[in-house]
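Working notes for the structure below.
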Amino acid sequence: MNAISMSTLKNDQPLDGALNASVTAMGALCEPGHTVVPLKPSATMLASGARAGGVSVEVAWKIYQAMIHHAD
């Protein structure tokens, strides 16, 4: 039989830097309007963005990069 166990950290136990950052990031994803997106979009994503915006694929790629790298 398989079993899954879960342990929790007490509030007085410090989290290491990477784990703390992960927990913070996951908390942000729970907010309405947030989602996970790839850092590098697929060719289909870029083509769709280019069509929707009436721009070239190169411009769509630059727009995507700007949104990813300057997200709040």
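The calculated FRET efficiency for the pair Arg51 and Cys30, based on their C-beta separation and a Förster distance of 25 Å, comes to about 0.20. The length gained on full extension between Asn20 and Gln65, counted as 0.36 nm times the residue separation minus their Cα-Cα distance, comes to 13.6 nm.
Which whole number in µm²/s is D for region 15-56 by Stokes-Einstein, with the Kirkwood Rh taken over Cα pairs at 25 °C and 0.890 mPa s? Let's see the in-between values first.
On the way: Rh = 12.8 Å.
In µm²/s, the coefficient is 191.
Every read-out reported here was derived from the displayed coordinates using simple, explicitly stated rules and does not represent laboratory data. Here the structure is a predicted model, which means the values were calculated and not measured. Glycine gets a Cβ as well: all are built from the backbone with ideal geometry, and neighbour counts include every protein chain shown.
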